[in-house]
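Before any comments, here is the structure.
The values are calculated or read from the model by the stated rules, or taken from the named source; none is laboratory data. Only a predicted model underlies this, so the values are computations on that prediction, with no experimental measurement involved. Glycine gets a Cβ as well: all are built from the backbone with ideal geometry, and neighbour counts include every protein chain shown. Keep in mind that these areas ignore ligands, DNA and RNA; they rest on the heavy atoms of the full protein, side chains included. Shrake-Rupley method; radii C 1.70, N 1.55, O 1.52, S 1.80 Å.
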Amino acid sequence: MSINSAMLAGVSGLVANSSSMAAISDNIANINTTAYKRSQVNFANIVTSQAVVGRYSAGGVQGVTRQFVSQQGLIQSATSPTDLAIAGDGFFIATEKANGLTNADTRVFTRSGSFSADADGYLKNDSGFYLQGWPAQDDGTFDVDPSDLTRLQPINVKNLGAAVKATGNVAVNANLNSQSTLSPDVATYAAGDMSDYADDPTTGSKPDFEIEMNVVDSQGGTHRVTIGLMRKDPTTNPNEWYAEIYGDPAEISATGSGMIASGTLAFTGDGKIDLANSDLFGSMGATPSISLDASGGTAPKWDDTLGVQAQDITFDLSQLTQYNAASKVKSVNPDGATVGNVVGVEVDEEGYVSAIFDNSEVRKIAKIAVATFQNPDGLAAVSGNAYRATIQSGEYTLKEPGSAGAGQISPSTLEASTVDLSAEFTGLITTQKAYSACSKIITTADQMLDELINIRR
């Protein structure tokens, strides 16, 4: 009968508004939860078939929960370099454990980027989920696979050992005096004389000028390498200098007393380096570089006792000049770095996680992966402000941050909750009133049934 349907409609209203109150309560409780996405209970009416014309049977209402997972929260500044937010679409991939992962282990998706290193050095957020990324290969590249979650590994920012960078480039800024006094040895000079003199001043020829630099080998050892220069007789060879590159014979086994290369450096009439007419590095115009073979190799090489790898060193001589001013070294900047330990971590917008060493070396150790879904609002929420894939959400697609529609990584920031407190309080009031009204339906229907029962009296 209609009175019974009215009572049941009131009950459905109580249930639906209770669900709405629960969603609002969750939202308010999580207003400060990083990257929390608000939920809302919408109402849909239930219609029952009307069996008798002129009579109405109430169907009631049902609550339909809607998640706003795709809604972007405000990106706010944070103090830690490992606090991360995603500006745009996508989710961090995370696991519940860091070691011994198998294909059967659960992977979850989250935008809660409050990551910090745990006792073992793994990046873990406040909910205890470990951040996943593609690890750097031995050659510094990344094996990015858009469909294979098992290629991802937990990112560790502590257990990295030490870092060494062998010298590969040297920039020289110096001037050679175009009017310097000729050496008395210039007339009898032969290749190797300057390196001989460096090894034993009683032999060879003293250079007019030397440019010294420290070269770091593949194991972090430091070695002195020198460019010796002697001005040629300007009456026959204007704007030209004899040049040799040499090191300590105890560290570099070469032709002669540690000599690595010898030849001529030429300059133009306006005092600029003229590499096209210089043969210090081999043939005329050759790239200004030297090669040292590995220990045990062919001279010129690193000494066998050092046990280090082969090494190519390129020189930037664009700031080497020959002016009528005192010979002077302004700067020599090699790019090598001796042994260093990790002192910090940084993350860039492309998702590269880099370790910073105390020798100024910066090494990329991992790249954060971002997962996108066709319908992120269809994801199923799990504890810890994370989600798992469902049929409604569709399959995940792994992407590099900032590519193919995936959002960029925003380092040293956190995504705020999407809860609007004023809207939730307004909903709290309307839900309370609606609940009270539904309870009034039940009490009124109860009174009507009492009247019906009392007809017999």
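So if R0 is 60 Å, what FRET efficiency would Asp126 and Ala326 give, r being the distance between their Cβ atoms, rounded to the nearest 0.05?
The computed FRET efficiency comes out at 0.45.
The stretch 1-85: Rg/Rh from Cα coordinates, Kirkwood Rh?
Across the stretch 1-85, the Cα-based Rg/Rh ratio is 1.27.
For Thr298 and Asn214 in one chain, what is 0.36 nm times their gap in residues minus the Cα-Cα distance, to one decimal in nm?
Residue separation times 0.36 nm, minus the Cα-Cα distance, leaves 28.0 nm.
So what is the calculated 222 nm ellipticity per residue for the chain, using -39500 (n - 2.57) for each DSSP H run with n of 4 or more, over all residues, to the nearest 500 deg cm²/dmol?
About -5500 deg cm²/dmol.
Extension gain Asp358-Ala310, at 0.36 nm per residue separation less the Cα-Cα distance, in nm?
14.8 nm
What does the charge add up to near Arg111, with Lys and Arg as +1, Asp and Glu as -1, over the other residues with Cβ less than 12 Å from its Cβ?
-1
On average, how much accessible surface per residue is there in the chain, in Å², for a 1.4 Å probe, leaving out ligands, DNA and RNA?
That works out to 49 Å² per residue.
Provide, in order from the shortest bin, the percent of all Cα-Cα pairs of the chain in each 10 Å bin, continuing until the bin that contains the maximum pair distance.
Percent of Cα pairs in each bin: 4, 15, 17, 12, 12, 12, 9, 6, 4, 4, 3, 2, 1, 0, 0.
Taking Cα centroids, how far is the stretch 404-457 from the stretch 278-316 in Å?
Result: 78 Å between the Cα centres.
At a temperature of 10 °C and a viscosity of 1.306 mPa s, determine how fast the stretch 305-457 diffuses translationally according to Stokes-Einstein, using the Kirkwood radius over alpha-carbon pairs as Rh; express D in µm²/s, rounded to the nearest whole number.
65 µm²/s
Restricting things to alpha carbons, find the Rg to Rh ratio for the stretch 72-214 using the Kirkwood radius for Rh.
Answer for the stretch 72-214: 1.36.
Mind pulling the angle between the C-alpha long axis of helix 2-29 and the longest principal axis of the chain? Nearest 10 degrees, somewhere in 0 to 90.
Result, in degrees: 20.
Specify the angular offset, from 0 to 90 degrees and rounded to the nearest 10, of the alpha carbon long axis of helix 421-454 from the longest principal axis of the alpha carbons in the chain.
Computed tilt is about 20 degrees.
For the stretch 214-318, I need the span (max minus min coordinate) of the C-alpha atoms along each principal axis, in Å, sorted largest to smallest.
Sorted from largest, the Cα extents of the stretch 214-318 read 46, 23, 22 Å.
Based on the Kirkwood radius over alpha-carbon pairs, what is the Stokes-Einstein translational diffusion coefficient of the stretch 345-386 at 4 °C with 1.567 mPa s viscosity, in µm²/s?
99 µm²/s
Determine the relative contact order of the chain: mean sequence separation of Cα pairs under 8 Å and six or more apart, normalised by residue count, in whole percent.
23 percent
What FRET efficiency, computed as 1/(1 + (r/R0)^6) with R0 = 51 Å and r the Cβ-Cβ distance, is obtained for Phe43 and Asp139, rounded to the nearest 0.05?
Efficiency at R0 = 51 Å is approximately 0.30.
Shape of the stretch 366-421 from its Cα gyration tensor (a ≥ b ≥ c, root eigenvalues): rounded if a/c is under 1.5, otherwise prolate when a/b > b/c, or oblate?
In terms of gyration-tensor shape, oblate.
Anything over 27 Å Cα to Cα? Flag those among Lys97/Lys158; Lys97/Lys399; Lys37/Lys97; Lys232/Lys301; Lys124/Lys367, in the order listed.
Lys232/Lys301
Taking the Cα of Asp89, stepping 7 Å toward and past its beta carbon, and measuring to each backbone N in the stretch 367-406: which are under 15 Å?
370-379, 393-406
Would you work out what percent of the accessible area of the stretch 306-383, with all protein chains in place, is carbon or sulfur (probe 1.4 Å)?
The nonpolar share, carbon plus sulfur, comes to 43 percent.
At what distance in nm do the modelled label points of Val339 and Asp26 sit from each other, each positioned 7 Å from its Cα along Cα→Cβ?
5.4 nm
Work out how much length Ala190 to Asn99 would gain on full extension: take 0.36 nm times their residue separation and subtract the Cα-Cα distance, in nm to one decimal.
Between Ala190 and Asn99, full extension yields 26.4 nm more.
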